[in-house]
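First the structure, in the form of structure tokens, and then the observations on it.
Nothing in this text is a laboratory measurement; each read-out follows from the coordinates by a stated rule. Only a predicted model underlies this, so the values are computations on that prediction, with no experimental measurement involved. Here the Cβ positions follow ideal geometry from the backbone for every residue, glycine too, while neighbour counts run over all protein chains shown.
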Amino acid sequence: MDLFDRGKQVAAPLAYRMRPRTLDQVVGQDHLLAPSAPLRQLIDKDQLHSLILFGPPGTGKTTIAGIIAHMTRAHFESILAVTAGVNDIRKIAADAAQKLKYYQQKTILFVDEIHRFNKSQQDVLLPFVEDGTLLLIGATTENPLFELNNALLSRLKLYILEPLQEEDLNRIIQQVLQDQEQGLGLQNISISPEGISAIASFCKGDARMALNIIETIANTYSYKDEPLIVDLELLEKVLSRPLIKYDRLGDAHYDSISAFIKSIRGSDPDAAVFWLAVMLEGGEDPMFIARRLVIHAAEDIGLADPEALKLAAAAAQAVQFIGMPEARIPLAQVAIYLATAPKSNSSLTAIEKALTAVRKSKQIKVPLAIADSSHPHSKKLMQKGVAYKYPHNYGGYINQQYLPENMAGTVFYQAGSEGYEVKIQEFMKKLIQSRSK
């Protein structure tokens, strides 16, 4: 039995038995597989080019390749990168060259887990992809930009598969419970809405994992002619861990992020890490958490510790770069750093005061001395920049009017008394003293 055998396999795992047979049966990935989507058009017309399917586990990469295998007029070969060697690639390429020369038949080579190909394997594959001997379809859960060499990447089109949403997983599970041939339709099993949400949070968009959970429950707790309701209590037994009742669109979402931010603002690193764990375990979007950390770094720490914003922004980049579960580490690091950092909301206070002043102002006029003087005639005809004093010519500071005339002397920023702002406060005092001289 090869990778894409479609024969009825009674003893096969549920996830395998329920694998879609057509593109229309694939749940999710509409951006790739909707009738008008570019990849769908290429598959339907059997005009594929070499490509990479990149996405998390259980999102349909191998399934899509299997459907292509049964739709294409091209000869289809599939290998696993973990077991295939250089000689396997060369043999498939030699057979492909013969089919193309004598029968004008293309060969599609599907490489599962292509990120596991080492440099020599990629180098062997490259010329066959380049000259069209092979049409390559690679599937990977790792970012191909970092796993494949540039020469091979430049000859491939990248298609990104997204994690399945809760409604997608719900649809798949309901199909399983109703399918009497390949699924569990002959067993009297139902699942509560809370159970669906819990599975979705636990599986993080992985349909294969969701079906494995359902299959385990069916094999363990389902009895002939007796109804079985899959709820949170049963799921906790199967998963051997408590399932947090966390609604990402409801009170749990807003209450948890509020507790998280207020714990950081209150300089309690233990509470901050705890609420971070609650959100991550409940399936909260890690990028949502990262964005709130960036906001908090500027709003509640600000210039008391200028490094805070840099670290929060770096954590947001790290979340995008490495994903979960590893992203939990930089998120925790930054949460602890922010909780233990000196606090100041002077930046927030300053911009709010300034915005209020702008909104109340009947007229805002830039002083001529600091107005744009880049045009060659601006100084002579409009007096722009004529009286401007370049601070560096005066040792780095010279007293002059920067605010509009009607706002002269208005204070928007008041340096705090914590962390780096102590130095700012000292610097500003020196400037004030120099102004009075």
* Asked: Under 5 Å between amide H atoms, partner at least 5 residues away or on a different chain: which partners does Asn143 have, H built in plane at 1.01 Å?
  -> none
* Taking the Cβ-Cβ separation of Glu162 and Tyr397 as r and a Förster radius of 51 Å, what is the calculated FRET efficiency to the nearest 0.05? -> 0.45
* Calculated [θ] (222 nm, deg cm²/dmol) that DSSP helices of n ≥ 4 give over the chain, each run adding -39,500 (n - 2.57) -> -14500 deg cm²/dmol
* In vacuo Debye scattering of segment 11-79, one point per C-alpha: log10 I(q)/I(0) at q = 0.12, 0.13, 0.17 Å⁻¹? -> -0.31, -0.37, -0.64
* Out of these labelled values of volume of the Cα convex hull per residue in Å³, [x] 138; [y] 243; [z] 213, which was calculated from the coordinates shown here? -> [y]
* Asked: For the pair Val238 and Asp285, how long in nm is the line joining their label points, each one 7 Å along Cα→Cβ?
  -> 2.8 nm
* So, with +1 on the Cβ of K and R and -1 on the Cβ of D and E, and no other charges, what is the size of the charge dipole of the chain about its Cα centre, to the nearest 20 debye? -> 2440 debye
* Within a Gaussian network of the chain (alpha carbon springs, distance under 10 Å), most fluctuating of Gln383, Gln175, Gln121 -> Gln383
* Enumerate the calculated ³J(HN,Hα) couplings along segment 207-222 in order (Karplus 6.51 cos²θ - 1.76 cosθ + 1.60, θ = phi - 60°), each rounded to whole Hz, writing x wherever the residue is Gly or Pro. => 5, 4, 5, 4, 5, 5, 5, 4, 5, 4, 5, 4, 6, 9, 10, 8
* To do: Enumerate the calculated ³J(HN,Hα) couplings along segment 345-350 in order (Karplus 6.51 cos²θ - 1.76 cosθ + 1.60, θ = phi - 60°), each rounded to whole Hz, writing x wherever the residue is Gly or Pro.
  => 10, 5, 5, 4, 4, 5
* Structure fact -> the chain: relative contact order from alpha carbon pairs under 8 Å, six or more residues apart, as a whole percent, is 11 percent
* **Percent antiparallel among DSSP beta bridges (both partners in the chain, rounded to 5)** => 5 percent
* Considering amide H positions built from the backbone, and no H for Pro or chain starts, which residues 5 or more places from Ile189, or on another chain, come under 5 Å of its amide H? -> Leu228
* May I ask you to sort Phe260, Phe146 by Cβ crowding, counting other Cβ atoms within 10 Å and putting the fewest first? => Phe146, Phe260
* Estimated distance in nm for a label pair at Ile322 and Met382, the labels positioned 7 Å out from Cα along Cα-to-Cβ -> 5.2 nm
* Asked: Nearest 0.05, what FRET efficiency do Asn149 and Thr22 give at R0 = 35 Å with Cβ-Cβ as r?
  -> 0.50
* Structure fact -> Mean Cβ-within-10 Å packing, highest first, puts peptides 354-362, 367-375 in the order 367-375, 354-362
* For Leu135, Leu431, what's the fewest-to-most ordering of other Cβ within 10 Å of each Cβ? -> Leu431, Leu135
* Structure fact -> Taking Cα pairs closer than 8 Å and at least 6 residues apart, the relative contact order of segment 1-147 in percent is 26 percent
* **Ranked Leu331, Leu145, criterion: other C-beta atoms within 10 Å, fewest first** => Leu145, Leu331
* Asked: Are any of the pairs Lys119/Lys310; Lys61/Lys106; Lys310/Lys362; Lys310/Lys423 more than 28 Å apart by Cα-Cα distance, and if so, which?
  -> Lys119/Lys310; Lys310/Lys362
* Along segment 67-73, what does the Karplus equation 6.51 cos²θ - 1.76 cosθ + 1.60 (θ = phi - 60°) give for ³J(HN,Hα), rounded to whole Hz, x for Gly and Pro? -> 5, 4, 4, 9, 9, 7, 8
* **lysines with Cα under 18 Å of Lys429, excluding same-chain neighbours fewer than 8 positions away** => Lys437
* Quick one: which residues, 5+ away or cross-chain, put their amide H under 5 Å from the amide H of Leu136? H built at 1.01 Å from N. => Ser50, Leu51, Leu109
* To do: Would you kindly state how much longer the chain becomes between Asp179 and Thr216 on full extension, computed as 0.36 nm times their sequence separation minus their alpha carbon distance, in nm to one decimal?
  => 11.6 nm
* To do: Kindly state, as a whole number, the per residue volume in cubic angstrom of the convex hull around the alpha carbon atoms of segment 166-239.
  => 76 Å³
* Which links in Lys99/Lys204; Lys204/Lys237; Lys262/Lys430 stretch past 31 Å when you go from one Cα to the other? -> Lys99/Lys204; Lys262/Lys430
* Structure fact -> quick shape note, segment 69-221: Cα extents on principal axes in Å, largest first -> 56, 35, 24
* Restricting things to alpha carbons, tell me how big segment 348-435 is in terms of Rg and Dmax, in Å. => 15.9, 48
* For segment 251-340, rounded, prolate or oblate, judged on the Cα gyration tensor with a ≥ b ≥ c (square roots of eigenvalues), a/c < 1.5 rounded, else prolate if a/b > b/c? -> oblate
* To do: Please find the FRET efficiency linking Phe274 to Ala97, where r is the Cβ-Cβ separation and R0 is fixed at 51 Å, and quote it to the nearest 0.05.
  => 0.25
